[in-house]
Amino acid sequence: MHPLLPSLAAASLYAGATFYQGLRLSQRSTPDKRLLALLGVLALLFHGASLFLQMSQTSGLSLDFFNAASLIAYAVIALTLLACSRIPVENLLLLLFPLGCLTVLLAQFMPSGTLQSINEAPGILAHILLSIMAYGMLT
């Protein structure tokens, strides 16, 4: 499967959630938390699928600049959505959703360069993602 469809779906969901939240805030009303969370989780699912398809190759893990930026945006958005269940940080999503949209599109459409693939065990991606999430929780 080609990662174009999940990338475009994730970018569309991020853009739609940003538009909805911006419209509600410009009308000085509070956006629906459940709708923002639903759009965010759906966008994260598509974003994760496109990242998996872009990064996993037969020669190893392709972790170039834009894939790494997209992976970091994925982790930060996931942590923020998780934090929204406990603390009121929904306004951060107004900046993070466009960042997610931009990074998923850049990872899809920018050339990958000449970086050699990482040929390690399959758990390396989980290790990288968990390290990013742990660093985000500490700061």
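Every read-out reported here was derived from the displayed coordinates using simple, explicitly stated rules and does not represent laboratory data. Keep in mind it's a predicted model, so treat the numbers as computed, not measured. Positions of Cβ are backbone-derived with ideal geometry, glycine not excepted, and every protein chain shown enters the neighbour counts.
Label sites at Thr30 and Phe65, each approximated as a point 7 angstrom past Cα along Cα to Cβ, lie 4.2 nm apart. With K and R counted +1 and D and E -1, the other residues having a Cβ less than 15 Å from that of Pro88 yield a net charge of +2.
Annotation: amide H-H contacts under 5 Å for Leu61 (H modelled 1.01 Å from N, sequence separation of 5 or more, or interchain): Ile118, Asn119, Glu120.
Each peptide in 95-106, 26-37 gets a packing score, the mean of other Cβ atoms within 10 Å over its residues, and the list from highest to lowest is 95-106, 26-37.
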